[in-house]
Amino acid sequence: RAEKTEVLSEDLLQVEKRLELVKQVSHSTHKKLTACLQGQQGVDADKRSKKLPLTTLAQCLTEGSAVLGDDSLLGKMLRLCGEAEDKLAQELIHFELQVERDVIEPLFVLAEVEIPNIQKQRKHLAKLVLDMDSSRTRWQQSAKSSGLSSNLQPSGAKADALREEMEEAANRVEICRDQLSADMYSFVAKEIDYANYFQTLIEVQAEYHRKSLALLQNVLPQIKAQQEAWMEKPSFGKPLEEHLAVSGREIAFPVEACVTMLLECGMQEEGLFRVAPSASKLKKLKAALDCCVVDMQEYSADPHAIAGALKSYLRELPEPLMTFELYEEWIQASNIPEQEKRLQALWNACEKLPKANYNNIRYLIKFLAKLTEYQDMNKMTPSNVAIVLGPNLLWPQAEGNITEMMTTVSLQIVGIIEPLIQHADWFFPGDIEFNITGNYGSPMHVNHNANYSSMPSPDMDHADRKQHDQARRPLSVATDNMMLEFYKKDGLRKIQSMGVRVMDTSWVARRGTSGARKTP
């Protein structure tokens, strides 16, 4: 067998090895990149759009918008998002078509056409070299059989034919080698073009994402504007200023709604704000208040649920109604020994409240003062009201443990809230209209919860009041007296033993309230 002659230079042999590596990488990249396409490869934009998941999503959102209607917030959101997703789908189709044209197809040509052609030509060269070596061997054997020396060429017809065959084979090898060498050098020279495929991929991706981002940034303000213009926003757990700004109100909706309903049906309810309401009823009422939809007829029979909802709203505010900023000032005011100066300090703190907070605390304190006018029936004295509601109106920003909250801190807060209720007209002079928006008409009440048949006046004489009280049935709802009893018994002793003074403001009640406040 003839021995193979190597006709390629060392450089071209290295190029030959690199060809196979580039082919493997290009083939793998083409396969993975094709898998990234969401649309069907090789079809036009219209057909590709029908199979695109984003297009399907856009159609679903648009259809949902039509079902819900544009008069609902969800309907508007679905319409805007459907339009945005459809535009994103169009951008994605354009992006995939460009990637397919400028990256995927050239990679396919490189891995499956150009490099295989060079490799096929290399195999053909190897065959030609083998033929050339065979013809040379035959010619050399002919010379040996003629007995000629190595420097003499054989003669005769057979020898001439062998020589012509050898020369022709060598000529074919040279032509093929030159062509292969040119293709290999061209491959090396075009490596920058092959590398440019990947630069193009990143550029096309960047452009696609820029356009997609511009679309999203354009639609986001429209979505936010619809959200902000929508009036029916939750109020529980939201900042007071945000709720008032959105609703265009001065008094928070839950506060006005609950106060107005309690004025109608709960002023003489024993243990109001102290008796635990039904958990399911409270949850339902809170959800209704969050939707700004309240059936007064339904809840007029359950004033404890209304009171519980009001307490929950106050407690769930991110910042207490009496503010974190003034917390220390409130506490310091409650610790002033001289009672007249103490009240003046509390009045000064009231005046520093933000307008929204001031309006709402004034509204609430005026209501609580009115509630205590019926203390003979509802058993809710200013002290009792301050005990159960005080921790919902003011609390420290960094709360301590429950024991601390039930002793030092809470008792000081009670010392703040109680005088505000006792002397509401002194702190907040002037009358107040509780049903500000006029949205809460008086429902028809018949023996509310069988506890009472009508609202008695604080000025009712003793005989009439006794007769009225006899008509009341005992409360059937379990009450939670823990905090109230704590303050009446152990809490007072504990706080005094800790050196904290508990204020007695009963002296002010016996004095004229209008002349007690000094000019700030």
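The values are calculated or read from the model by the stated rules, or taken from the named source; none is laboratory data. If you're wondering where the values come from, they're calculated on a predicted model, not measured in any experiment. A quick note on method: Cβ atoms are made from the backbone with ideal geometry, for glycine too, and the neighbour counts reach across all protein chains shown. Note: areas computed on protein heavy atoms with side chains; ligands, DNA, RNA excluded. Shrake-Rupley method; radii C 1.70, N 1.55, O 1.52, S 1.80 Å.
Only Lys, Arg, Asp and Glu carry charge here, each on its Cβ (+1 for the first two, -1 for the last two); on that basis region 240-427 has a dipole of about 200 debye about its Cα centre.
At what distance in angstrom do the alpha carbon centres of region 300-357 and region 222-261 lie from each other? Region 300-357 and region 222-261 have Cα centres separated by 21 Å.
Divide, for region 240-427, the radius of gyration over alpha carbons by 2.2 N^0.38 Å, where N is the residue count. Here the Cα radius of gyration is 1.00 times the empirical estimate. Of the cross-linked pairs Lys238/Lys283; Lys17/Lys127; Lys352/Lys379, those separated by over 23 Å at the C-alpha level are Lys352/Lys379. The order of the peptides 189-196, 254-261, 350-357 by mean Cβ neighbours within 10 Å, most packed first, is 254-261, 350-357, 189-196.
Applying both filters, DSSP loop and at most 15 other Cβ atoms within 10 Å, to the chymotrypsin sites (Phe, Trp or Tyr not before Pro) of region 266-374 gives Phe324. Carbon-plus-sulfur accessible fraction, region 240-427 (probe radius 1.4 Å, protein heavy atoms only): 49%. Placing unit charges on the Cβ atoms of the charged side chains and taking the dipole of region 269-385 about its Cα centre, the candidate lying farthest along the positive direction among Leu353, Phe324, Val293 is Val293. Taking the charge dipole of region 240-427 about its Cα centre, with +1 at Lys and Arg Cβ atoms and -1 at Asp and Glu Cβ atoms, the residue from Ile365, Ala305, Val246 reaching farthest to the positive side is Ala305. Here's the list of lysines a cross-link from Lys144 could span, going by alpha-carbon distance under 24 Å and ignoring same-chain residues fewer than 8 apart: Lys4, Lys158. For region 230-320, the Cβ-based charge dipole about the Cα centre amounts to some 300 debye (Lys, Arg positive; Asp, Glu negative; other atoms uncharged).
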